[in-house]
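The values are calculated or read from the model by the stated rules, or taken from the named source; none is laboratory data. These numbers come from a predicted model, not from an experiment. Note that each Cβ is placed from the backbone with ideal geometry, even for glycine, and that neighbours are counted across all protein chains shown.
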Amino acid sequence: MSNDDFKRKTLSLAADPTSRRKTARARATQDFQQASQRAFLEDTLALVRRHRQPSNLLPFEQVREKLQLGQKSYLGVAEIPLEKIVGSVGRYSDFTRTFMPRKAEIRQRWEQVGQLAEQGGWPPIEVYKVSDTYFVRDGNHRVSVAQQLGMDTIEAKVWEYPTRVPLEADDGLDDVLVRAEYIEFLEDTELDKVRPDQRIILTIPGGYWKLEDDIATYRYWKEWEEERDLTWEEAITSWYDHVYLPIIEKIRDEEILEYFPGRTEADLVVWVLLHRDKLEIAHNFEDIMPNEAAEDFAKRTKNNPWRRLLAWLSRKL
């Protein structure tokens, strides 16, 4: 249900004010019961499911600290997708990730907001925008009711916090911690300044440290090969163009990402680099080119029966 459909519905209900209050009260009670049942089901499934979809809202204060968010700016009033609302300022434990109500003590307030939905709507909520996601500053109950009513969007006053790294709608708190490592990586390398189109999204803690180590090693051997000192900018751009991107290309050509559900291309780059280290040790420290390591990694992956099973399940699901 779009917000326009929601407004048209409330206007039609307003034509009969006598029955409107009774209907709104009964509907709000029923909706809360259903939403609470959905919350219980979501939390129960979260205990047994094994995929990476988070079940909890993100706490904004932790996100602001980890992503080093600076000054916000006001963007105005806009219709925002409910599916992009991923967190809250202070009320993140009261609702599930889909904003279903977890606590009985919020029932009265929830039903009051639900009645407003039936009787004529509500004012815009207030949100903080981080990358392509939103955090509720004011209006958590309105978001919850909107979700239960099946709305697609909601009207909001939007303040935006600029961020150096992306935050995505399916990110959990563990992903935020890895994003903090991404910021440190960019501060150390300034890769986003020399290659603005870079997008190295990892899900593995410590992966960025491996990339920095590989860059330093690459710079050392590049200087030895060219018999001159390289600036840091020369080293990082050369590494990105001649090591990172060729591995990415090989990963795509071999279509091996499907063998690693829930992971990213950048994750596989880290594993290819670790695999190259093992190959060089096995071959008496003979230099192994990145594309050779990627090709061997792809071959071993496709010959692994467990990985083939994961790829099959990923395609089926």
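Identify, by number, the condition in (1) exposed (fewer than 12 other Cβ atoms within 10 Å of the Cβ); (2) touching a helix residue (DSSP H, G or I) at 6+ places or on another chain (Cβ under 9 Å); (3) farther than 23 Å from residue 268 by Cα that residue 227 doesn't meet.
It fails just one condition, (2).
Here are 79, 105: which of them is at pLDDT 95 or above and either surrounded by fewer than 21 Cβ atoms within 10 Å (Cβ to Cβ) or in contact with a Cys (Cβ under 6 Å, 6 or more places away or on another chain) (or both)?
79
Give the residue, chosen from 220, 240, 259, 244, that is over 21 Å from residue 299 (Cβ atoms), hydroxyl-bearing (Ser, Thr, Tyr) and either touching a helix residue (DSSP H, G or I) at 6+ places or on another chain (Cβ under 7 Å) or in contact (Cβ under 8 Å) with a residue 60 or more places away in the chain (or both).
None of the other options fit; the residue is 240.
Go through (1) surrounded by fewer than 21 Cβ atoms within 10 Å (Cβ to Cβ); (2) more than 17 Å from residue 61 (Cα to Cα) and name the single condition residue 93 misses.
Result: residue 93 passes all but (2).
Return the only residue of 225, 233, 212, 181 being under 22 Å from the mean Cα position of the chain (by Cα), assigned to a helix (DSSP H, G or I) and over 30 Å from residue 34 (Cα atoms).
Details: 225 fails: under 22 Å from the mean Cα position of the chain (by Cα); 233 fails: under 22 Å from the mean Cα position of the chain (by Cα); 212 fails: under 22 Å from the mean Cα position of the chain (by Cα).
On inspection, the qualifying residue turns out to be 181.
Listed here are the residues, each with its yes/no results for (1) of a type in the set (D, E, K, R); (2) surrounded by 18 or more Cβ atoms within 10 Å (Cβ to Cβ).
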residue: 127; (1), (2): no, yes
residue: 131; (1), (2): no, yes
residue: 138; (1), (2): yes, no
residue: 177; (1), (2): no, no
residue: 216; (1), (2): no, no
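Collect the residues in the stretch 301-317 that are surrounded by 12 or more Cβ atoms within 10 Å (Cβ to Cβ) and either among the charged types (D, E, K, R) or assigned to a loop (DSSP other than H, G, I, E, B) (or both), keeping them in residue-number order.
Once the filter is applied, which keeps residues that are surrounded by 12 or more Cβ atoms within 10 Å (Cβ to Cβ) and either among the charged types (D, E, K, R) or assigned to a loop (DSSP other than H, G, I, E, B) (or both), the stretch 301-317 yields 302, 304, 307, 308.
Could you check, for the stretch 40-51, whether at least one of its residues is outside any helix (DSSP H, G or I), closer than 26 Å to residue 93 by Cα and either among the charged types (D, E, K, R) or modelled with pLDDT of 65 or more (or both)?
yes
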